[in-house]
Amino acid sequence: MSKYRSETLAIRIQNERSGEAEHSVPLYLTSSYVFEDAEQMRAAFSDEIEANIYSRYSNPNVDELLEKVSRLEEGEAAWGTATGMAAVFTTFAALLQNGDHIVSSKSVFGSTHQLFVNILPKWGITTTYVDSIDYEGYEQEIRPETKIVYIETPSNPGLDIIDIKRLAKICKAKNVLLVVDNCFATPVLQRPLTLGADIVIHSATKYMDGQGRVLGGLIVSTKEIIDRIQAFARHSGPALSPFNAWVLSKSLETLHLRMEKHCSQAFEIAKRLEKSEFVDWVKYPFLGSHPQHDIAREQMSYGGGIVTFQVKGGLQAGRKFLDSLQLFSLTPNLGDSRSIATHPASTTHSKLKPEEREAVGISDGLVRLSIGLEHIEDIWEDLEAALKGE
């Protein structure tokens, strides 16, 4: 299937048909697998033959999803986990040991921050934060014990855009791994591995599912790195369920179409918000006003489905705006077919201290919009009415 383009691969990569010759891949809801005899079982456990043993190790539905994602991201191999945060933790736990050091962008998801400051230090793994686009800062903070540089681009929720090529050159010169959370972009908009990154992480819960149904995490890299991650994950157990993998594999068949619509609608909403008298500022990667607009245009094919802005009047005005919305869902998720509004300071990033939120551009009045697939005018009319307090 190497001759096909990514849209086709997302649809046509699937497991071999069973004896029933089904057109749609069935669910393999089984915890373990049966062997023909003792010799086959022995050979499977000793890795002399490829075989499914236990669904914590492998499963046909999970394998299909992993093949799709690795091809879409142009990686060699992939691994699946129960959630996006399980993918983040599994990557660090598998590749790091006591005494190792991480350099990370300040602009990371709230739970990732908690992992860096409260969980990994229990095992002697430390983290130093750098401003998102401070490339000299990344280089200066890399020490002999530094093993990973970690970034989100676009970041959550500040939509900072980091030049992956530029940072990858720094990491390669220092012999450290560059890990990129590609959740906001998906491989439709951005492929970090082709820009020099070593590992890509996804919360498949977001755009890859696209309908707010299931949880899942994905890690894509070289076969050598995924083998190390797999060796850890098989025994620590953050396994992706076969059912969730089946749903996610089906969802990938429409990912390109959905992302194009999410992005076109988000861009239009961002442009309209920028003209609103009720808004202090708007941030969207493809707006000319975005500080890293040129980098976004260079490394992303579209600007993404997320828009952030601040309502005039601060915290109270922001809360009034959220309470006035009728169409938008108020939920901490994103990447859904339904439009979503979130107040990061009181939800996804509430565990950060006020000064920590301020340092990564999360003001008390910041609102994050995940623009869905409803009609664009219905989305805008809801936002406009809420801004006016109607």
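Using the structure shown, decide if Phe89 is within 14 Å of Val180 (Cα to Cα) and assigned to a helix (DSSP H, G or I).
Spelling it out, Phe89 is indeed within 14 Å of Val180 (Cα to Cα) and assigned to a helix (DSSP H, G or I).
Restricting attention to region 43-56, which residues are farther than 25 Å from Leu9 by Cβ and not in a helix (DSSP H, G or I)?
Residues satisfying the conditions are Ser46, Asp47, Glu48, Ile49, Ala51, Ile53, Tyr54, Arg56.
Would you mind stating whether Gln326 is part of a strand (DSSP E or B) and in contact (Cβ under 8 Å) with a residue 12 or more places away in the chain?
no
When residues of region 279-317 are filtered for being among the small types (Gly, Ala, Ser), farther than 18 Å from Thr186 by Cβ and modelled with pLDDT of 95 or more, how many remain?
The number of residues fulfilling the criteria is 2.
Examine region 68-79 for a residue that is in contact with a strand residue (DSSP E or B) (Cβ under 6 Å, 6 or more places away or on another chain), buried (at least 18 other Cβ atoms within 10 Å of the Cβ) and part of a loop (DSSP other than H, G, I, E, B), and state whether such a residue exists.
Within region 68-79 (the criterion being in contact with a strand residue (DSSP E or B) (Cβ under 6 Å, 6 or more places away or on another chain), buried (at least 18 other Cβ atoms within 10 Å of the Cβ) and part of a loop (DSSP other than H, G, I, E, B)), the answer is yes, since at least one residue qualifies.
Which residue is surrounded by the fewest Cβ atoms within 10 Å (Cβ to Cβ), if the candidates are limited to region 270-313 and must be among the polar types (S, T, N, Q) and either free of Cβ contacts under 8 Å to residues at least 60 places away in the same chain or in a strand (DSSP E or B) (or both)?
Ser289
Hey, does region 133-141 have a residue that's surrounded by fewer than 22 Cβ atoms within 10 Å (Cβ to Cβ) and in contact (Cβ under 8 Å) with a residue 60 or more places away in the chain?
Yes, some residue in region 133-141 is surrounded by fewer than 22 Cβ atoms within 10 Å (Cβ to Cβ) and in contact (Cβ under 8 Å) with a residue 60 or more places away in the chain.
Considering only region 192-240, how many residues are in contact with a Leu (Cβ under 8 Å, 6 or more places away or on another chain) and charged (D, E, K, R)?
Count: 4.
Please go through (1) modelled with pLDDT of 95 or more; (2) touching a helix residue (DSSP H, G or I) at 6+ places or on another chain (Cβ under 9 Å) for Asn156 and return the number of the only condition it doesn't satisfy.
Every listed condition holds for Asn156 apart from (1).
Just a yes or no: is a residue in region 187-206 under 24 Å from Thr30 (Cβ atoms), in contact with a strand residue (DSSP E or B) (Cβ under 6 Å, 6 or more places away or on another chain) and crowded, with 23+ Cβ neighbours inside 10 Å?
Checked against the condition, which is being under 24 Å from Thr30 (Cβ atoms), in contact with a strand residue (DSSP E or B) (Cβ under 6 Å, 6 or more places away or on another chain) and crowded, with 23+ Cβ neighbours inside 10 Å, region 187-206 yields at least one hit.
State which residue is surrounded by the most Cβ atoms within 10 Å (Cβ to Cβ) when the search covers only region 88-104 and only residues that are small (Gly, Ala, Ser) and either without any contact (Cβ under 8 Å) to a residue 24 or more places away in the chain or touching a helix residue (DSSP H, G or I) at 6+ places or on another chain (Cβ under 9 Å) (or both).
For region 88-104, the residue satisfying everything is Ser104.
Name the one entry in Ser264, Ser251 that is small (Gly, Ala, Ser) and touching an Asp or Glu at 6+ places or on another chain (Cβ under 7 Å).
Ser251
In the list Gly80, Gly84, which residue meets the criterion of being in contact with a His (Cβ under 7 Å, 6 or more places away or on another chain) and in contact (Cβ under 8 Å) with a residue 24 or more places away in the chain?
Going through Gly80, Gly84 in turn, just one is in contact with a His (Cβ under 7 Å, 6 or more places away or on another chain) and in contact (Cβ under 8 Å) with a residue 24 or more places away in the chain: Gly84.
Of the numbered conditions (1) surrounded by fewer than 20 Cβ atoms within 10 Å (Cβ to Cβ); (2) touching a residue at least 60 places away in the same chain (Cβ under 8 Å); (3) closer than 19 Å to Lys283 by Cα; (4) touching a helix residue (DSSP H, G or I) at 6+ places or on another chain (Cβ under 8 Å), Ser363 satisfies every one except a single condition; which is it?
Of (1) surrounded by fewer than 20 Cβ atoms within 10 Å (Cβ to Cβ); (2) touching a residue at least 60 places away in the same chain (Cβ under 8 Å); (3) closer than 19 Å to Lys283 by Cα; (4) touching a helix residue (DSSP H, G or I) at 6+ places or on another chain (Cβ under 8 Å), only one is false for Ser363: (2).
So, of the residues in region 108-137 that are among the hydroxyl-bearing types (Ser, Thr, Tyr) and in a helix (DSSP H, G or I), which turns out to be farthest from Ile164 (Cα to Cα)?
Looking at the filtered set, the residue picked out is Ser111.
Across region 321-360, which residue is nearest to the chain's Cα centre (by Cα) among those that are modelled with pLDDT under 80 and crowded, with 16+ Cβ neighbours inside 10 Å?
Thr348
On the basis of being in contact with a strand residue (DSSP E or B) (Cβ under 9 Å, 6 or more places away or on another chain), in the same structural domain as Glu64 (by TED's automatic domain parsing), assigned to a helix (DSSP H, G or I) and polar (S, T, N, Q), does Gln97 make the cut?
no
The values are calculated or read from the model by the stated rules, or taken from the named source; none is laboratory data. This one's a predicted model, so the numbers in the text were calculated from it and none came from an experiment. Note that we place each Cβ from the backbone using ideal geometry, even for glycine, and neighbour counts take in every protein chain shown.
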